[in-house]
Amino acid sequence: MAGLLLVVFINFVGIGALIPILPFTVVDQLGYSESVMTLLLASFSLAMFIGNPILGRLSDKLGRKRILIASISVATAAHFWFAVSEDITTLFMSRILAGFGAGNIGVIHAIIADNSERQDRARMMGLMGACIGAGFVLGPALGGLLAGIGSGPAHQMPFLVAGIFSAISLIMAFRLPESYPSNADAKQVKTSFFARVTALMSGPLGLFAAAFFLLNLSFAQVEAAYVLVVRDLLGFGTRETGWLFTYIGICIIIVQGGLIGRIVPRFGEMRVIRTGIYCLITGQLVTVMLATLFADGGALLMHILVATSFVCIGFALTNPTLSAASSAASRRDEMGGALGLVQGFGSLGQVIGLTAAGPLYLSGGAGLSFSFAALISVCLLITLFFIARVWPKLSPSAAS
């Protein structure tokens, strides 16, 4: 599992490297609006939405390792392509390709589920989330520090480095053992893709898919709007923004790498998820107040850090615990496809959230963006109520 977690970490270095430099590449250098910037982010998530269930189902049929290697290969090529792209069309094309390759999250979740006992999955999902957070520590830091080096556009050097990191993860993927061989479901009855999706969504897994959709729809405002908030209110450039997202990554590492494995066995999945949503809503509402009421730069920075901490702790508590809980609604012979479908709906939430982030910010600034996010988080809390009602049937030993 250590090798798999390292692959996840290296993979997300490349994804995180884009965040602090995107406004300066798309808006400042190429002259496009913030809406185009968020659409570029959304194109990546849309490709993830398409890739997650496809790659997950293929891993059920062909084996996890084979699909993981293929998807990382696609992402590696896309990072290098993005590095040498200087027009908006090829930027979009390369990010779409990278997003499809990053649709291996469902496959990785299935590998973790294959190799862990039910009661240990929250801890493993937390460790995976910590590796993602660590990738978001190093990725934005690299993006901020390397932006503008050389004669090319701001994103060139960061993504050459990101491509190298992705190539290293590809080499490591070849060394991973196969957790679910290609002939493992040879006796499974063949059904159409849409019939399988309908069957999965009609059960408890549909509630988890809805929850992931809402969680990522809400958190997408952090990915897009925070960059614009600190640029406009605090005058942050690429380097300062990179350090802010490094702080976000550290918060996620602390919670998912250290706390999840301890608190989930004690309090149960539903209570931990509920607490995470409360923190998420708190951070979003505080951000609304900061954006509309405060203007002092020094004090505003400290307040933004506090609000950011609440948002990130909330997401860090909710995301891996919800992932672990969703595995209880999946059979092993359909784990890849089922978890890929759930993660795909999360990506769809990102698509809509990121697409809306630009127009929301242009219309009403951070106040409108984060008010929208808080409303979606309330909807997530309501969805959790319905999940909690069926949870005892999925996990009879649940503590909540």
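The figures follow:
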quantity: The listed residue being surrounded by 24 or more Cβ atoms within 10 Å (Cβ to Cβ) and at pLDDT 75 or above, out of SER323, SER309; calculated: SER323
quantity: Any helices (runs of 4 or more DSSP H) falling wholly within the stretch 165-280 and containing at least 2 residues that are modelled with pLDDT under 75; calculated: 193-201, 204-234, 238-254
quantity: Sole exception among (1) closer than 20 Å to MET157 by Cα; (2) aromatic (Phe, Trp, Tyr); (3) surrounded by 20 or more Cβ atoms within 10 Å (Cβ to Cβ) for PHE100, by number; calculated: (1)
quantity: Scan of the stretch 350-400 for residues that are at pLDDT 80 or above and within 19 Å of PRO204 (Cα to Cα), ordered by number; calculated: CYS379, LEU380, LEU381, ILE382, THR383, LEU384, PHE385, PHE386, ILE387, ALA388, ARG389
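The values are calculated or read from the model by the stated rules, or taken from the named source; none is laboratory data. These figures come from a predicted structure and were not determined experimentally. Please note: Cβ atoms are built from the backbone with ideal geometry, for glycine as well, and neighbour counts cover all protein chains shown.
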